[in-house]
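The values are calculated or read from the model by the stated rules, or taken from the named source; none is laboratory data. Because the structure is a prediction, the values reported are computed rather than measured. Note that we place each Cβ from the backbone using ideal geometry, even for glycine, and neighbour counts take in every protein chain shown. For the accessible areas, the whole protein counts, side chains as well, though only heavy atoms, and no ligand, DNA or RNA atoms are used. Shrake-Rupley method; radii C 1.70, N 1.55, O 1.52, S 1.80 Å.
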Amino acid sequence: MKPQIALQLWSIQDACKDDFYEALKKVKQSGYDGVEFAGYHGKSAAEVKGYLEELGLKVAASHLSFEALERDFEGTLAFEKEIGNSRLVIPYASFQTLEDWHTFIGKMEEVATKAAAEGFEFYYHNHANELSEIPGVDILAEMVQRTKHIDLEVDLYWLADAGVDAFSWLETLKDRIGLFHMKDMQDSPRESTEIGSGVLPMKEYVQIAKQIDIPWLIVEQEEFQNYPPLEATAIDCQRLRAMVDEVHSA
């Protein structure tokens, strides 16, 4: 199965704040199959569901704060169910000691276990800090070893930023990787750029996604050198779609 392509809406956050419906409409027009949410801009679940149904967009996942999940687990899951989402993603965490990380991982596993009973998949999305802030420790590997219900949404840009050999790292943890964040890297200054305009082996990442059967490739771009966000993310989709088609026709 070819993976579907979604946009992490953080990439076009200003457009979403200005007019959420119009922003989603542009995402659909750019060729995306779905979206990954990063907030709902004051809209109700019914409104969000209505937008998605009208535009023909699916929900790949939602980034949610762990605090919100802990504070109102039932309410948060009810919202996610109504909009048609089944993947909960914790977008970021940072701790200065391994003990603090282990405590947090334990709390996440408790919530992830409850979420699994409600039919949800639970993910953690990495940055570079999980691979660098505790010297000699790969927190993401710790997460996998210490839990049963936490999978990884791997941000490939941040793996590269942390200096990790992505190919061997992905091979080691492939059984617990369920989503990819596709983000290319400009070398100087080091920041994200349009897919295919940077230095990362994006097509090879698509090949790995095929091998481990990743259902969604989620585009995220956070810096914009040459195009405004809506234009840049349209280019991202077009180039990634071409790579997916090429890899899956081979």
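Given H placed 1.01 Å from N in the peptide plane, which residues other than close sequence neighbours of Asp155 have an amide H under 5 Å from its amide H?
Those lying under 5 Å, H to H, from Asp155 are Asn126, His181.
Under the √(5λ) rule applied to the eigenvalues of the Cα gyration tensor, what semi-axes describe the equivalent ellipsoid of the stretch 191-250? Give them in Å, descending. Write down the numbers at each step before the final one.
Details: eigenvalues 95, 24, 21 Å².
Its equivalent ellipsoid spans semi-axes of 22, 11, 10 Å.
Give me Rg/Rg_expected for the stretch 127-181, where Rg uses Cα atoms only and Rg_expected = 2.2 N^0.38 Å with N residues. Could you put the intermediate results ahead of the total?
Numbers: Rg = 10.4 Å, N = 55, 2.2 N^0.38 = 10.1 Å.
Taking the Cα Rg and dividing by 2.2 N^0.38 Å, one obtains 1.04.
On alpha carbon coordinates alone, what is the Rg over Rh value for the stretch 31-80, Rh being the Kirkwood radius?
Values: Rg = 11.6 Å, Rh = 11.7 Å.
For the stretch 31-80, the value is 0.99.
Rounded to the nearest 5, what is the percent of antiparallel bridges among the DSSP beta bridges in the chain? Let's see the in-between values first.
Values: 3 of 31 bridges.
The antiparallel proportion sits near 10 percent.
Using Cα centres only, tell me the gap between the stretch 116-154 and the stretch 183-226 in whole Å.
Centre-to-centre (Cα) distance: 20 Å.
Given the Cα atoms of the stretch 151-216, and with Rh set as the inverse mean 1/r over their pairs in the Kirkwood sense, what is Rg to Rh to two decimals? Before the final figure, lay out the partial values.
Values: Rg = 11.5 Å, Rh = 12.1 Å.
With Rh from the inverse mean 1/r over Cα pairs, Rg/Rh is 0.95.
Provide the per-residue ³J(HN,Hα) series for the stretch 103-113, in order, calculated from phi with Karplus coefficients 6.51, -1.76, 1.60 and θ = phi - 60°, each as a whole number of Hz, with x at glycine and proline positions.
4, 5, 4, x, 5, 4, 5, 4, 5, 4, 5
From Cα coordinates alone, what are the radius of gyration and Dmax values for the chain in angstrom?
17.4, 49
Rounded to whole Hz and in sequence order, give me ³J(HN,Hα) for the stretch 5-17 from the Karplus expression 6.51 cos²θ - 1.76 cosθ + 1.60, θ = phi - 60°, writing x for Gly and Pro.
Residue by residue, the stretch 5-17 yields 10, 10, 10, 6, 5, 4, 4, 10, 4, 5, 4, 5, 5 Hz.
What percentage of the solvent-accessible surface of the stretch 114-192, computed with a 1.4 Å probe over protein heavy atoms, is contributed by carbon and sulfur atoms? Show your work: numbers first, answer last.
Values: 1480 of 3260 Å².
Heavy-atom surface of the stretch 114-192 belonging to carbon and sulfur, 1.4 Å probe: 45 percent.
Dipole of the chain, Cα-centred, from +1 at each Lys and Arg C-beta and -1 at each Asp and Glu C-beta, to the nearest 20 debye? Show your work: numbers first, answer last.
Numbers: 23 positive and 45 negative charges, 135 e Å.
Using only the charged Cβ atoms, the result is roughly 640 debye.
Just grab the label-to-label distance for Glu142 and Ser94, each label 7 Å out from Cα along the Cβ direction, in nm (one decimal).
1.6
Which FRET efficiency value, to the nearest 0.05, is calculated for Gln211 and Ala116 with the Förster distance at 35 angstrom and r the Cβ-Cβ distance? Walk me through the numbers on the way to the answer.
Values: r = 25 Å, r/R0 = 0.72.
The value I calculate is 0.90.
Limiting things to C-alpha atoms, what are the Rg and the maximum Cα-Cα separation (Dmax) for the stretch 1-89, in angstroms?
Looking at the stretch 1-89, its Cα Rg and Dmax stand at 12.6, 37 Å.
Report the dimensions of the stretch 56-118 along its three principal axes from the alpha-carbon atoms, largest first, rounded to Å.
Computed over the stretch 56-118, the largest-to-smallest principal extents equal 44, 21, 17 Å.
With loop defined by DSSP as not H, G, I, E or B, and exposure as at most 14 other Cβ atoms within 10 Å, which is the longest segment of the chain clear of exposed trypsin sites (Lys or Arg not before Pro)?
Values: sites that count: Lys148, Arg190.
Answer from the scan: 1-147.
List the residues of the stretch 179-219 whose backbone N lies under 13 Å from a point placed 7 Å from the Cα of Phe167 along the Cα-to-Cβ direction.
201-208
Please compare each pair in Lys43/Lys107; Lys81/Lys210; Lys28/Lys148; Lys28/Lys210; Lys26/Lys183; Lys58/Lys210 to a cut-off of 31 Å on the Cα-Cα distance and tell me which ones are over it. Kindly include the intermediate steps, with their values, before the conclusion.
Values: Lys43/Lys107 29 Å; Lys81/Lys210 28 Å; Lys28/Lys148 35 Å; Lys28/Lys210 24 Å; Lys26/Lys183 20 Å; Lys58/Lys210 20 Å.
Pairs exceeding the cut-off: Lys28/Lys148.
Before rounding to the nearest 500, sum -39500 (n - 2.57) across all DSSP H runs of length at least 4 in the chain and divide by the residue total; then give [θ] at 222 nm in deg cm²/dmol. Could the numbers behind the result be given before it?
Details: 11 runs with 117 residues, N = 250.
The helix-only estimate for the chain comes to -14000 deg cm²/dmol at 222 nm.
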